[in-house]
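The values are calculated or read from the model by the stated rules, or taken from the named source; none is laboratory data. This one's a predicted model, so the numbers in the text were calculated from it and none came from an experiment. Virtual Cβ from ideal backbone geometry, glycine too; neighbours counted across all protein chains shown.
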There are 2 protein chains.
Amino acid sequence: MKNTPTLRDVGEHGVIQEIIAAAPSSLNGDDAAVLLPLAPNSRTVATTDMLVEGRHFCRDWSTPYQVGMKAITQNYADIEAMGARPIGALMALGAPLDTPVSVVREIAEGIAQRTGEYNTELVGGDVTQAEKITVSVTAIGALGGDRQPLALSAARAGQKVVAHGKIGWSAAGWALLERFGRDIPDAELQPLVDFHCAPMLDPGRGVIARATGATAMTDNSDGLVHDLHTIARRSSVRINIFADAVAPDELLVRAGELLDHDPWDWVLAGGEDHTLLGTTMKDAPSGFRLIGEVTRGNGGDLVTVDGAPARYISGWESFPEEA
Amino acid sequence: MKNTPTLRDVGEHGVIQEIIAAAPSSLNGDDAAVLLPLAPNSRTVATTDMLVEGRHFCRDWSTPYQVGMKAITQNYADIEAMGARPIGALMALGAPLDTPVSVVREIAEGIAQRTGEYNTELVGGDVTQAEKITVSVTAIGALGGDRQPLALSAARAGQKVVAHGKIGWSAAGWALLERFGRDIPDAELQPLVDFHCAPMLDPGRGVIARATGATAMTDNSDGLVHDLHTIARRSSVRINIFADAVAPDELLVRAGELLDHDPWDWVLAGGEDHTLLGTTMKDAPSGFRLIGEVTRGNGGDLVTVDGAPARYISGWESFPEEA
């Protein structure tokens, strides 16, 4: 691979040109991006997440394209979880000098693919030298209309709990990769691996949920029980999950058998699916399914599964005791 | 220093609590921040910059507080360079497990200080483990009214070139630090060092310039000649700098004598001052001074100093040939 050009070869200007070619935007290229107005009196919504190689992704497992897609999905899920519509993303990219330019281009292509699915663009960014590939994405969204944003603190007793997206797939995919690397012995389990590397959501579900009566929402990033626990705690309510509604699907059961692991663990504690989890007095919004109920009270077990105390509230930890 | 708690000791939740305590915001704490509306039909402006320890700052030279201030200043300068008003910032922070919690707190305090000077807040963020301290800040701004944003491509022949802020101080401060470390033999030169570690601008000058007739603007991040060259190239004009107007001030002359270095080098090629550089047909806006003129034509020497070709158009390079 002697002839693969690296960041050292093409320099900062060359890297930026590669990114812009892969993820073009008419809004990019000045000191800052000016986003197109969406609607009168929209409020601006913003969130950021940093993905670090070796910590959040591993290049033996994920393609750069998948890393780019994942960075957008997880940031846009946070925008959608406010009931807002994503309108653009920025990427600050750190990378070692010996990184092939193709890696940066493919990250940008993954970003262009996923931002495009939301009718948005990569509108700005920064590149710099770093010891590990570091993808820091900020998502910008717009919150139109006069309803409140979907808040962690706005669940109310008597509401339904609804979900849009897979639950447990990302964790199962991670477990398969950890055991087998990219050579999964059962090809039918590949979707779990792909979902771990680049989780998927249908664009626009947060806006739909807000428009049709949802009040609270979050995305499943730290684990189903952990994230619902956050809503329950912040809203001073209890949440009961219906076991039938979240029971491991066929792929999760099959992966559990292969790995001799209880697939319920992935469902209840996995996280990183970026599934939208909301609460509403009304019917489940389009694309959502019923998975539980909000009940009165606080203290004690805030989250139960069919009335029994749920384990797994610890969730993801960025600075674990054992590194 | 055995008893200094580190990120390993307090964990992710503890780190986030420290940041929120040091830089509180009522907009923080949900999946994403919802920014307060500024005015009807404002457009949203966004930019991002990543600072990496050892590359953009060095903890022997800069305090964490200064790093936080610098991260805001340089991002907000990009917002102001569009003629927009900063309305909030987000920080994605990567740091090693053995980083003292106090370092993170002081970075957040620096951010709170500088965002506060603009009547804004740190509205969101992310923390993760990384090999070097990595501060990735995104600034959000609002562009009200019906004038165009200040663009790199909007300089016109016949305009004045105007500047707000120091020129050359950051580079001189860096040169002093490189030679002497923190022990500068001439205490009167300390302002240059401080300016390198935490450059300063008066908040709001970009909005004032746009409101009073400026059409093009950028901030002096890569060097005066380099940055004016970008405006000249993008606008298909020439720019002539008035030598008298940018001549090294007393501190720069004194630092030049101490280091046996031509202070004009810092003025013309230094960069990182984040000085606002604009063009206007009208009088210099409040806080700005006249430093040059826009003239007709393109090709050849786009930037001159008193009519003579300017050197120094290379500017800062994130991926230098020699790392």
(1) more than 14 Å from chain A (Cβ to nearest Cβ); (2) over 16 Å from the mean Cα position of the chain (by Cα); (3) buried (at least 24 other Cβ atoms within 10 Å of the Cβ); (4) closer than 20 Å to residue B:276 by Cβ all hold for residue B:173 apart from (2)
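Determine, yes or no, whether residue B:40 is surrounded by fewer than 22 Cβ atoms within 10 Å (Cβ to Cβ) and within 28 Å of residue A:277 (Cα to Cα).
no
Search the range B:128-140 for residues being more than 7 Å from every other protein chain (Cβ to nearest Cβ) and in a strand (DSSP E or B), and hand back the single one that is surrounded by the fewest Cβ atoms within 10 Å (Cβ to Cβ). If you could, list the steps in order and put the result at the bottom.
Taking the range B:128-140 and keeping what is more than 7 Å from every other protein chain (Cβ to nearest Cβ), we get B:133, B:135, B:137, B:139.
Next, only the ones that are in a strand (DSSP E or B) stay: B:135, B:137, B:139.
Working: B:135: 28, B:137: 31, B:139: 32.
So, considering only residues that are more than 7 Å from every other protein chain (Cβ to nearest Cβ) and in a strand (DSSP E or B), the one surrounded by the fewest Cβ atoms within 10 Å (Cβ to Cβ) is B:135.
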Can you spot a residue in the range A:171-183 that is of a type outside the set (Ser, Thr, Tyr) and in contact with a Lys or Arg (Cβ under 6 Å, 6 or more places away or on another chain)?
no
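This table checks each residue for (1) part of a loop (DSSP other than H, G, I, E, B); (2) among the charged types (D, E, K, R); (3) within 12 Å of chain B (Cβ to nearest Cβ).
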| residue | (1), (2), (3) |
| --- | --- |
| A:112 | no, no, no |
| A:119 | yes, no, no |
| A:123 | no, no, yes |
| A:155 | yes, no, no |
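Residues are listed down the side, and each one gets a yes or a no for (1) closer than 25 Å to residue A:220 by Cβ; (2) out of contact with any helix residue (DSSP H, G or I) (no Cβ under 8 Å at 6 or more places or on another chain); (3) more than 9 Å from chain B (Cβ to nearest Cβ); (4) modelled with pLDDT under 95:
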residue: A:37; (1), (2), (3), (4): no, yes, no, yes
residue: A:43; (1), (2), (3), (4): yes, yes, no, yes
residue: A:52; (1), (2), (3), (4): yes, yes, no, no
residue: A:60; (1), (2), (3), (4): no, yes, yes, yes
residue: A:65; (1), (2), (3), (4): yes, no, yes, no
What's the total number of residues in the range A:141-153 that are more than 7 Å from chain B (Cβ to nearest Cβ), assigned to a loop (DSSP other than H, G, I, E, B) and touching a Leu at 6+ places or on another chain (Cβ under 8 Å)?
1
Test result for residue A:53, acidic (Asp, Glu), over 13 Å from residue A:125 (Cα atoms) and assigned by TED's automatic domain parsing to the domain that holds residue A:79
yes
Among (1) surrounded by fewer than 23 Cβ atoms within 10 Å (Cβ to Cβ); (2) among the acidic types (Asp, Glu); (3) touching an Asp or Glu at 6+ places or on another chain (Cβ under 9 Å), residue A:78 falls short only on (1)
For the range B:216-323, list the helices (runs of 4 or more DSSP H) that sit wholly inside it and hold at least 1 residues that are in contact with a strand residue (DSSP E or B) (Cβ under 6 Å, 6 or more places away or on another chain), at pLDDT 95 or above and surrounded by fewer than 19 Cβ atoms within 10 Å (Cβ to Cβ); which are they?
B:243-246
Which one of the conditions (1) at pLDDT 95 or above; (2) closer than 28 Å to residue B:12 by Cβ; (3) more than 7 Å from chain B (Cβ to nearest Cβ) does residue A:85 fail to meet, given that it meets all the rest?
(2)
On the given criteria, is residue B:194 surrounded by fewer than 21 Cβ atoms within 10 Å (Cβ to Cβ) and either free of Cβ contacts under 8 Å to residues at least 12 places away in the same chain or assigned to a strand (DSSP E or B) (or both)?
no
Just to be sure, is residue A:20 hydrophobic (A, V, I, L, M, F, W, C) and in contact with a helix residue (DSSP H, G or I) (Cβ under 9 Å, 6 or more places away or on another chain)?
yes
